[in-house]
């Protein structure tokens with residue numbers, strides 16, 4: 001079993017920033033998976049979310065203008081884009097990378113059975129995984145948080161600076177022979 005490193009916290013706490021800084025500390029390793037970034041208007045209003053794979057693909061995950069039966073708050077969620085881009089990136093990471101990155105395991109992503117399935121494959125693989133995960137309770141997310149091989153930290157303004165080094169050390173330790 002690989003090591004599962006989980007980062008949680010309130011929206012806007014800096015979870016993605018911690019992931020990005022951790023990736024910089026691990027740039028000598030082959031990284032795979034995806035990061036989720038906000039899409040903002042010129043005036044700064046949040047319009048949606050974009051998936052950016054670590055090998056350069058992008059897709060719109062959710063947007064206020066997406067018409068979809070899958071909704072989280074004011075956002076329509078494009079499950080197909082998630083599966084074609086995010087799920088595919090996780091599959092590639094399980095096969096080819098040194099460790100798997102998933103930003104994030106949240107309400108939008110958990111709408112997809114394929115996403116839940118690939119997450120199960122990632123945690124069963126021997127590779128370590130670094131992921132952000134929703135703070136609120138959800139059966140699937142709660143099961144990941146309770147895994148014996150999981151370590152979780154809450155991202156706050158006070159913890160944010162130290163967490164990249166902590167996460168990078170955990171990944172390196174999990175990869176050590």
Checking 51, 90 in turn, the sole residue that is over 30 Å from residue 177 (Cβ atoms), under 12 Å from the mean Cα position of the chain (by Cα) and modelled with pLDDT of 95 or more turns out to be 51
Those strands (runs of 3 or more DSSP E) completely within the stretch 83-177 that have 2 or more residues that are in contact (Cβ under 8 Å) with a residue 12 or more places away in the chain and surrounded by fewer than 20 Cβ atoms within 10 Å (Cβ to Cβ) are 150-154
Consider residue 8 carefully, then state whether it is within 22 Å of residue 161 (Cα to Cα), under 13 Å from the mean Cα position of the chain (by Cα) and surrounded by fewer than 19 Cβ atoms within 10 Å (Cβ to Cβ).
no
For residues that are in contact with a helix residue (DSSP H, G or I) (Cβ under 6 Å, 6 or more places away or on another chain) and crowded, with 19+ Cβ neighbours inside 10 Å, tally how many sit in the stretch 16-30.
3
Scan (1) surrounded by fewer than 19 Cβ atoms within 10 Å (Cβ to Cβ); (2) within 15 Å of the chain's Cα centre (by Cα); (3) assigned to a helix (DSSP H, G or I) for the single condition residue 80 breaks and write down its number.
(2)
Out of all the residues in the stretch 45-55, which are farther than 20 Å from residue 131 by Cβ and free of Cβ contacts under 8 Å to residues at least 24 places away in the same chain?
45, 46, 47
Pick from the stretch 31-56, criterion touching a strand residue (DSSP E or B) at 6+ places or on another chain (Cβ under 8 Å) and assigned to a loop (DSSP other than H, G, I, E, B), ranking: farthest from residue 83 (Cα to Cα):
41
If residue 13 satisfies every condition in (1) assigned to a helix (DSSP H, G or I); (2) surrounded by fewer than 21 Cβ atoms within 10 Å (Cβ to Cβ) but one, which is the exception?
(1)
Restricting the stretch 57-77 to residues that are in contact (Cβ under 8 Å) with a residue 40 or more places away in the chain and in a strand (DSSP E or B), the one surrounded by the most Cβ atoms within 10 Å (Cβ to Cβ) turns out to be 62
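The values are calculated or read from the model by the stated rules, or taken from the named source; none is laboratory data. Note that the coordinates shown come from a computational prediction; the quantities given were computed from them, not determined experimentally. Note that we place each Cβ from the backbone using ideal geometry, even for glycine, and neighbour counts take in every protein chain shown.
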